[in-house]
1. Hey, among the residues in the stretch 375-388 that are in a strand (DSSP E or B) and open to solvent by 20 Å² or more (accessible area, probe 1.4 Å), which one's farthest from S425 (Cα to Cα)?
2. Here are the criteria: (1) at pLDDT below 95; (2) buried (at least 22 other Cβ atoms within 10 Å of the Cβ). Tell me which single one V235 does not satisfy.
3. Here are some residues: S418, S410. Which one is over 22 Å from T509 (Cα atoms) and surrounded by fewer than 21 Cβ atoms within 10 Å (Cβ to Cβ)?
4. Among the residues of the stretch 153-161, are any open to solvent by 10 Å² or more (accessible area, probe 1.4 Å) and of a type in the set (S, T, N, Q)?
5. Which ones in the stretch 460-498 are under 14 Å from V430 (Cβ atoms) and of a type in the set (D, E, K, R)?
6. What number goes with the only condition from (1) without any contact (Cβ under 8 Å) to a residue 24 or more places away in the chain; (2) assigned to a loop (DSSP other than H, G, I, E, B) that A362 does not pass?
7. Got at least one residue in the stretch 469-484 being open to solvent by 30 Å² or more (accessible area, probe 1.4 Å), on the phi > 0 side of the Ramachandran plot and either of a type in the set (K, R) or touching a Cys at 6+ places or on another chain (Cβ under 7 Å) (or both)?
8. Looking at the stretch 328-348, which of the residues that are modelled with pLDDT of 95 or more and over 16 Å from Q278 (Cα atoms) is surrounded by the fewest Cβ atoms within 10 Å (Cβ to Cβ)?
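The values are calculated or read from the model by the stated rules, or taken from the named source; none is laboratory data. Keep in mind it's a predicted model, so treat the numbers as computed, not measured. Using ideal geometry, Cβ is built from the backbone for each residue, glycine included, and neighbour counts are taken over all protein chains shown. Remember, those area values only see protein heavy atoms, side chains included, never the ligands or the DNA or RNA. Shrake-Rupley method; radii C 1.70, N 1.55, O 1.52, S 1.80 Å.
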Amino acid sequence: MAAEYSLSSLLSIQTQLDHSLQDVVSTEQKEKLVYEYLKKLDGREQDLKIPEFEDGLEWLNIKSPVSLSKHLSGKVVVLDFFTYCCINCVHLLPDLHELEHEHSDKDGLVVVGVHSAKFPNEKVLENIKSAVLRYNITHPVVNDADAKLWQALEVSCWPTLIILGPRGNMLFSLVGEGNKEKLFLFTAAALKFYKGKGEVKNNSIGIKLYRDSLPPSILSFPSKVTTDSTGNRLVIADTGHHRILVVRKNGLLLHSIGGPKSGWKDGSFAESAFHSPQGVAMRNDTIYVADTDNHLIRKIDLLEEKVSTVAGIGSQGTDKEGGATGLQQQISSPWDLALGTAGSNEDNVLWIAMAGTHQIWALFLEDGSLPKGSVAKKGTCIRFAGSGNEENRNNSYPHKAGFAQPSGLSLAREEPWSCVFIADSESSTVRTVSLKDGAVKHLVGGERDPLNLFAFGDVDGAGINAKLQHPLAVAWNKQKGLLYVADSYNHKIKVVEPKTKQCCTIAGTGEASNALGPAFTESAFNEPGGLAVGENGRVLYVADSNNHHIKVLDLETQTVSVLPVTIEDAVVELDSSFAAQRKLPKLPRSSPQVLMSPVTVSPGQVLQLEIAVTLPGGAQLTEGAPSYWALAAAEGSEWFLQGQCVYGDIVDLSRPQVICVTVPASTQTPGAVLSVDVCLYFCSKDDSACMMKAVSFTQPTQIAKTNQVSSAKVLLRHHF
């Protein structure tokens, strides 16, 4: 027998209302039906109440943990059971944003996100924090990592909405996306009904947005990256800042397009607007952009410095066939792009990973035809592969195959491949679509049952014996004949040899972190989402999304560095308290550790730490890159640096960098141990290679009781 508070108990009552609503048209009739339903439901002897949130759960966007009986009493509550990988859950968020804009907590409405993870990686609070920021979620979110509330209520799929009355009593349930009209109808009716009974309270619940506690960063959740044909320019989808950046391979900015606010606007680079752009593809001086949350394909002309829209209507579409042209064709959450060929010898088609409908589409940039298809005119946007069902189904007929949120594309034009490689995220597989006949085949990951989307893991192996966890990107290295995979939720970069289907890890520890190595396997990433091959196959660029970096993997030397992206508008003057919050990359484990001799100082004296570091012959600092020094105190020595400047930029090595620290007048210990980290971004004389190097100095101090001279000097010397 179902529990009294289970969804099945509610749905058996709500079913009649749902059927009745299908038979009426006017808003007045619908409101009347919902009112009668609420009156009947509220008159039951026993409420369909849900259990209380457990103690000890982790909460975001709220000052303190929330209780149904205490904080949410007197509120109409919308519980959103979601998991952040789910595209359907993402599609629901704009409806919830609009609902919250219409009814605030002071009006009596509260939305609570109940995060119930699909993948193990999604149970980690830090990763949920990143998703809350990335999707601009502004309501309270609770991490129900063990899915206890999900199980107690017998929730069965993502997303599921449950609407509660002011006593914690279940009123309505909505399953899946596309229920906006009912969501607004039900919540408005519930507020009106219970306000009429005097049960709705207008108090604030104490929202405290997680995003307000964070310092700014140059990049924000960069999701995808690509290079031009020469390898001299990179295009970065700076997704969290709603903009596209074009930089040189040393990180210097060439163009910033759109941002920082989201929107849909064509025009000049300064006035244009995107909404969480992701996939980027570049041909000569033209960039195509998957403007994901706008459900558009955009075009950037670097010569004219103009942005235009080439496909989509600006809102989520449901069409799974296509065939219309340009702005007449609705599309849904395009996630990645790749330039290719269809019935021509040129790049005449833009392949689109249409995550929202679980398909691969084609946008014709010139006249052409798909394999076994008729001729399509320029501007036509059409489904190429995928039935639209979310599944892991391979098939010789492309329209009968099934994908599960395809999120990454890479083209292999040459024989014997002649295919599009696809990172199919929700099936945790890499698949291929033939450019000759459209056949969809398995490469690595997943399992044979096309309906099992839970065959994930972290196992190196061949074909189906290899296991991935929500891969978001692939990149074909034609020089080496290898495919690189961003195994995003395993925080790793893997490589696949297509002939043998052998898949193995090349970089990443498997833990979400931000270390640079020195070895590939000692480096760390946090949900890498984009890949691009550069320098004739010698370099792999990684969009390390949750670390807000583009990382550079040198495939020859097996070393990792951070691309020093420099944007003048993003330079921030830091005081000591702000610098302490700034997220600096961890120094590579190979960084030299220099232990200095102890220096004697006295209260009130100035300690001058002079940094004198030199670069290899001919190398120069990368102009405008974030080279820096950072000062820290060992545990127990924090008192020594209170109120002091602990961070500074390094822009010139022709003279020593001087750090002045005043010894506090009141000392707490006989000595203190300080560390000075120096991190430099520099390029070789011919700009053929750019890198980051670091050194850490440890400086013990001894506090003398007698006054010393006015200052004490220490020279911190190192040659890279």
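1. Taking the stretch 375-388 and keeping what is in a strand (DSSP E or B), we get 375-376, 380-385.
So of that shortlist, the ones also open to solvent by 20 Å² or more (accessible area, probe 1.4 Å) come out as 375, 382.
Values: V375: 31, I382: 22 Å.
Once the filter is applied, the top-ranked residue is V375.
2. All conditions are met except number (1).
3. Values: S410 fails: surrounded by fewer than 21 Cβ atoms within 10 Å (Cβ to Cβ).
From the options S418, S410, the qualifying one is S418.
4. Yes, the stretch 153-161 contains a residue that is open to solvent by 10 Å² or more (accessible area, probe 1.4 Å) and of a type in the set (S, T, N, Q).
5. D460, K467, D487, K492, K494, E497, listed by residue number.
6. Among (1) without any contact (Cβ under 8 Å) to a residue 24 or more places away in the chain; (2) assigned to a loop (DSSP other than H, G, I, E, B), the lone unmet condition for A362 is (2).
7. no
8. Let us first name the residues in the stretch 328-348 that are modelled with pLDDT of 95 or more, namely 328-339.
Of the ones still in play, those that are also over 16 Å from Q278 (Cα atoms) are 328-330.
Details: Q328: 12, Q329: 22, Q330: 18.
Per the stated criteria, the residue is Q328.
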